[in-house]
Structure formats: C-alpha cells, structure tokens
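K.L.:
Would you mind keeping the following structure in view while I ask a few things?
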Amino acid sequence: MTLSQSSDNDNPNPLELTAPDPLLPSLSPEEPLNPSERSRLKQALDELNAEAEAEFNAGNQSKAFDIWYREIRLRRVLGDPVAEVQTLGTVGGVAWNENNKQSVQLITARLEEIQQENEAEDSINLPLLKALGKAYEQIRVPGQALTVYDQILADARNQDDMATVEATLKTMGELHMAWFDYPKAAETYEELLAQALNQAQNQRERINEEVAYLQQLAYIYDQDQQPDQALPKKQQLVDIYLSQGNDTQIPALKIAIASDYNSLNQPEKASQTYQEAYSLAWSLQQFAHASEALQPLAELYLTSKQPEFALQVYEVLLQVEQQSYNYYGLMNTYDKIGQVYLDMNNYPQALAAFQKGLDLAESLQHREAYFVNKIQLVNRQNL
C-alpha cells in the first residue's frame, strides 16, 4: 500500500511522500487493512507520536517533525480524517510555537484539503468539523476556524440543537476575543445573552449565565471604548446582585459605572454614583474600593472648579486611608490637599498639608525630596 504522490518533485511535501513504509503491509492500494492490521497500525502510530515528542523534548526538532510527518501520512491510511486532523492540529500548534513557518504552511494546506473534501460531501460530518475548527485555532488561523464554526452553527440551528448553538457561540466569542475583534465578540455574546434570557431552564442556571455574559459584554465594551454600551450592562449586573443580596460585588461596579458617566460627559450622574459606591464600600469595610471611589470624585469637583467640595472629599479619604493603615495613600492624599490649598493661595493650610506629607514620607523613606521642595515652594510664594 502506498501514499499519494507529491506534485513537487524538487521540494517534496513531507506529508505526501510515497516511499513504502515498513509499518504498512504489502497490499495493493485498493485493498483495505483488516481489523487486526488496523489495530496494530494504531498502536504503532501512538508509539511514533511518543517517539516524536521525546525527540522534540531532547532538542532534536528536525527529527521530531520528520517522525510527526510520518505519523500523519500513516494516519491517512487508516481512513480516519478526525484522527488525522487532530494530529495535524497538535503538530501544527508545536510548529507555530517554534515559528516553523514551513511546517505551519504545509499543515494548513493539508487541513484546507480535508475541509474541501468534507464540503464536497452531501452530509455534515460534525466531529470532523469540530476537529478542523480546533486545529485551525491551534495553528492560529482564526478566519478558517470561524468559517468552520459558522458551518457547525448553521447546522445546529437547522437541527434546533440549542446546546450545540450555545457551545459553538461560546467558542466563537472566545476566538473573537483572542484576536481582539471586539465588535464581533460583542455581537456573539449579545446573542448568547439573549438565548440565556429566552430559554426555559433552571432559574439559578439562567441567572448564572446571564451574569457571565453581562460581565463579558461589559469587559468587551470597555476594551472597545464604548461606555454608552458598557454602562447598561454594568447596571444590569448591579440589579441582579441587588436582587440576590450580593452587595459585595456592587461597589466596584458602581465605580466603573461612574467612570462611564464621566466619559459620557455626565458629571452629575458620575458624582452621584461615586458617592453611592463610597457609601456602600465603607459600610462593607471595602476600604480599597472606598478610596477608589473618592479619588475620582475629588477630581470631578476640581475639574468643575469646586475646590471646597474636593477638599471635603479628601478629608473623608484621609479617614479611609487611616482606617486601612494605608500610609502611602495618606501621604499622597496630603499631597493632593496641599496642592489644592496652594492653588487657592491658602499658604498656611498648604504648608500644613505638605508638612504632614513630609512626615509620612520620612517614615516611609519615600518622596522626601518632593515634599521638601513643595514646602520650599510654599514658603517662597508666601513671602
């Protein structure tokens, strides 16, 4: 039994070599392997794979790929395209990681050939399509992988197989995310969210899925810098957590929502939401989140030319930092207070704040020179 002939004799394709292989019985090409021969060949191929891995781990990459190519050629003889594709994907992934472009190209071409052969068939070979999609992912060809997953998705929809629809959409969403295609990722997860909301299923399961998809969509819209799309997803998450009595998740979300309002030039809503985030975080003793809410709130007041309100916020922030023993935070907050007073030409208060900052800086052995310079600046301006 022989393998198909390469069309390029000058540079033979190692996946298409025709030399007789010692593992194959001396049969005519048309004569199939009997069950015993198939079993022995499968075992031998597993041993070849282990041998290739050992050579690769020993640093003998060229020899390893030669063995892998032989394994792939022989798997084709078994007439099991799924097993061949799985091996192509695994070896192709190794080739990609090693920047072995020639091997990646050869493996890609073989996968495309198998894909074309499958498309010529009348029926859908779902296991083969799934194997092809995974293999294309392994060799980092997202376009081809998504084409295959589109076929799987279309078939699942025709069969009204919602479980496969969901699983395929998840895979496609992850693939879009991996390649930073946020618009496509958003489209996919929006469909998953709608499906989770519409399907009749266990209430807890539905809510868990809804939360997972809302979190993913909020992240996607953040990455794609679409605060108008991210904000309602985060608010939906807040509503779910409130209904569950799960307050611990809310402060961080409120801070993110406030940031979105700020990006959308809605400072009043941003201010209100930062205050809500602080109040809840403080009550939950989430001091880090309380601090994260107060700092941008103070900046909002400064931006809107309301330094007195900013100073009030900084005074509250001092209490938060003291409560959490965050001495670096205290030092930085005194710096902020000193700068606000300095901008207001209130030199005594600026000097007092910078002096407290210096005391902390000396105890921390950090930024001492900065505060010394600030104090000198205040004294010069106060002459």
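The values are calculated or read from the model by the stated rules, or taken from the named source; none is laboratory data. Keep in mind that what you see is a predicted model, and the values were worked out from it rather than measured. We place every Cβ from the backbone using ideal geometry, glycine too, and count neighbours over all the protein chains shown. Heads up: the accessible areas ignore ligands, DNA and RNA and are worked out on the full protein's heavy atoms, side chains in. Shrake-Rupley method; radii C 1.70, N 1.55, O 1.52, S 1.80 Å.
K.L.:
If you wrap a convex hull around the C-alpha atoms of the stretch 268-355 and split its volume per residue, what is the figure in Å³? Spell out each step's value before the answer.
P.N.:
Working: hull volume 6.4 nm³, N = 88.
For the stretch 268-355, the hull spanned by Cα atoms encloses 73 Å³ per residue.
K.L.:
Evaluate the distance, in nm, between pseudo-label points positioned 7 Å from the Cα of Asn208 and of Arg380 along their respective Cα→Cβ axes.
P.N.:
6.4
K.L.:
So, one more: Using only the heavy atoms of the protein chains and a 1.4 Å probe, how would Arg380, Arg75 rank by accessible area, largest first? Could the numbers behind the result be given before it?
P.N.:
On the way: Arg380 145, Arg75 30 Å².
In descending accessible area the options line up as Arg380, Arg75.
K.L.:
Run the numbers for Arg38 and Thr248: contour at 0.36 nm per residue of separation, minus the present Cα-Cα distance, in nm.
P.N.:
Length gained, Arg38 through Thr248: 69.7 nm.
K.L.:
Can I ask one more? Taking 8 Å as the Cα distance limit and 6 or more residues as the minimum spacing, I'd like the relative contact order of the chain as a percentage.
P.N.:
Relative contact order, the chain: 6 percent.
K.L.:
Go ahead and run the numbers for FRET between Glu51 and Ser123, Cβ-Cβ distance against an R0 of 35 Å, rounding to 0.05.
P.N.:
After rounding to 0.05, the efficiency reads 0.45.
K.L.:
What FRET efficiency would be calculated for the residue pair Lys101, Ala352, taking the C-beta separation as r and a Förster radius of 45 Å, to the nearest 0.05?
P.N.:
In this case the efficiency is close to 0.10.
K.L.:
Could you tell me the ratio Rg/Rh of the stretch 225-267? Both radii from Cα atoms, Rh via Kirkwood.
P.N.:
1.01
K.L.:
How much length, in nm to one decimal, is gained on full extension between Asn13 and Ala178, taken as 0.36 nm per residue of separation minus their Cα-Cα distance?
P.N.:
56.3 nm
K.L.:
List the lysines whose alpha-carbon lies under 27 Å from that of Lys374, not counting same-chain residues fewer than 8 positions away?
P.N.:
By straight Cα distance, Lys374 reaches Lys305, Lys336, Lys356.
K.L.:
Let me ask something else about it. Taking the Cα centre of the stretch 173-328 as the origin, how large is its charge dipole in debye, to the nearest 20, when only Lys and Arg (+1) and Asp and Glu (-1) carry charge on their Cβ atoms? Each step should come with its number before you reach the end.
P.N.:
Numbers: 8 positive and 21 negative charges, 47 e Å.
Dipole of the stretch 173-328, to the nearest 20 debye: 220 debye.
K.L.:
Got a sec to turn the phi values of the stretch 164-181 into Karplus ³J(HN,Hα) couplings, 6.51 cos²θ - 1.76 cosθ + 1.60 with θ = phi - 60°, whole Hz, x for Gly and Pro?
P.N.:
With the stated coefficients, the stretch 164-181 comes to 5, 4, 5, 4, 5, 4, 4, 4, 5, x, 5, 5, 4, 5, 4, 9, 6, 8 Hz.
K.L.:
With a/c under 1.5 counting as rounded, go ahead and sort the stretch 68-190 into rounded, prolate or oblate using the C-alpha gyration tensor (a ≥ b ≥ c being the square roots of the eigenvalues; past the cut-off, prolate if a/b is larger than b/c, else oblate).
P.N.:
It is oblate, given that a/c is not under 1.5 and a/b is not larger than b/c.
K.L.:
Tell me which of Gln61, Val104, Gly79 sits at the most positive position along the dipole axis of the stretch 60-122, charges placed on C-beta atoms (Lys, Arg +1; Asp, Glu -1).
P.N.:
Gln61
K.L.:
Another question, if that's okay. The chain: D in µm²/s via Stokes-Einstein (Kirkwood Rh, Cα pairs, 25 °C, 0.890 mPa s)?
P.N.:
Diffusion coefficient, whole number: 93 µm²/s.
K.L.:
Which of Lys130/Lys184; Lys134/Lys170; Lys234/Lys269 have a Cα-Cα distance over 18 Å?
P.N.:
Details: Lys130/Lys184 20 Å; Lys134/Lys170 13 Å; Lys234/Lys269 15 Å.
Over 18 Å Cα-Cα: Lys130/Lys184.
K.L.:
Another question about this same structure. With runs of 4+ DSSP H residues as the only contributors, calculate the mean residue ellipticity of the chain at 222 nm using -39,500 (n - 2.57) per run, divided by the residue total and rounded to the nearest 500.
P.N.:
Result for the chain, helices only: -25500 deg cm²/dmol.
K.L.:
Counting other Cβ atoms within 10 Å, keep those with at most 11, restrict to DSSP loop, and tell me which GluC sites (Glu not before Pro) in the stretch 23-114 are left.
P.N.:
Filter output for the stretch 23-114: Glu30.
K.L.:
Next up: Lys/Arg Cβ at +1, Asp/Glu Cβ at -1, dipole of the chain taken about the Cα centre: which of Leu41, Pro25, Leu126 is farthest positive-ward?
P.N.:
Highest projection toward the positive end goes to Leu126.
K.L.:
Give the relative contact order (percent, whole number) for the stretch 319-366; include only Cα pairs under 8 Å separated by 6+ residues.
P.N.:
RCO, the stretch 319-366: 38 percent.
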